[in-house]
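A short write-up of the structure that comes next.
The values are calculated or read from the model by the stated rules, or taken from the named source; none is laboratory data. From a predicted model like this one, the values you see are computed outputs, not experimental measurements. Cβ: placed from backbone, ideal geometry, glycine included. Neighbour counts: every protein chain shown. Note: areas computed on protein heavy atoms with side chains; ligands, DNA, RNA excluded. Shrake-Rupley method; radii C 1.70, N 1.55, O 1.52, S 1.80 Å.
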Amino acid sequence: MRGVNRELFPLVRMTHPRGLESLDDAEVPLGRRAFRSWILLAGLLPIDYDDLTFVELEPGRFLERSPMLTQREWQHERFVTPTAGGCVLTDRVHFTSRIAALGPLFLPVFRMAFALRHRNLRRRFGEAHSAREVK
């Protein structure tokens, strides 16, 4: 979770249970809510929540399908593929807004958030290839 918040800084911060800094150290239940994470704009103002639910979790890949306050369905799949010079990071996101008319408004926000995440990762780990697909 510390890494997620580094990726999203300074746009938002996601809360997590005390002591859960890394999913590597935790037993994450698959297919049911692990915990509710509040999404805080600029780290302060609650704007949404994510009932974090992992469907698949393995080294180098996860698939999250979580309901959110604003999204009836949120699916985020991440792949980290090793390469000779480092790795390629791919994020695929699909969402269905609870209010259909707001879907087109969320799309540029989510694209911006994932562009920020990838930029922050490149800054931290160096330049490599990354891909994001937000629909």
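Hey, among Val28, Val4, Val55, which residue is assigned to a loop (DSSP other than H, G, I, E, B), out of contact with any Ser or Thr (no Cβ under 6 Å at 6 or more places or on another chain) and within 19 Å of His76 (Cα to Cα)? Val28 is the lone residue from the list that is assigned to a loop (DSSP other than H, G, I, E, B), out of contact with any Ser or Thr (no Cβ under 6 Å at 6 or more places or on another chain) and within 19 Å of His76 (Cα to Cα). If you go through the range 50-72 and pick out every residue that is closer than 20 Å to Thr90 by Cα and either modelled with pLDDT under 95 or open to solvent by less than 90 Å² (accessible area, probe 1.4 Å) (or both), you end up with 14. Please determine, by comparing only the residues of the range 102-126 that are open to solvent by less than 80 Å² (accessible area, probe 1.4 Å) and without any contact (Cβ under 8 Å) to a residue 24 or more places away in the chain, which one is nearest to Asp48 (Cα to Cα). For the range 102-126, the residue satisfying everything is Val109. Among the residues of the range 31-44, just one is more than 18 Å from Asn5 (Cβ to Cβ) and either in a strand (DSSP E or B) or among the β-branched types (Val, Ile, Thr) (or both), namely Arg33. Scanning the range 85-109 for residues that are part of a strand (DSSP E or B) and aliphatic (A, V, I, L, M), which turns out nearest to the chain's Cα centre (by Cα)? The extreme case among them is Val93.
Candidates in the range 16-49 are the residues that are hydroxyl-bearing (Ser, Thr, Tyr) and modelled with pLDDT of 95 or more; of these, the one that is surrounded by the most Cβ atoms within 10 Å (Cβ to Cβ) is Ser37. Taking each residue of the range 81-97 that is closer than 16 Å to Gln71 by Cβ and looking for partners that are open to solvent by 30 Å² or more (accessible area, probe 1.4 Å) and among the β-branched types (Val, Ile, Thr) with beta-carbon atoms closer than 6 Å, six or more apart or interchain, yields nothing. Pro82 satisfies every condition listed in (1) in a strand (DSSP E or B); (2) closer than 25 Å to Thr15 by Cβ except (2).
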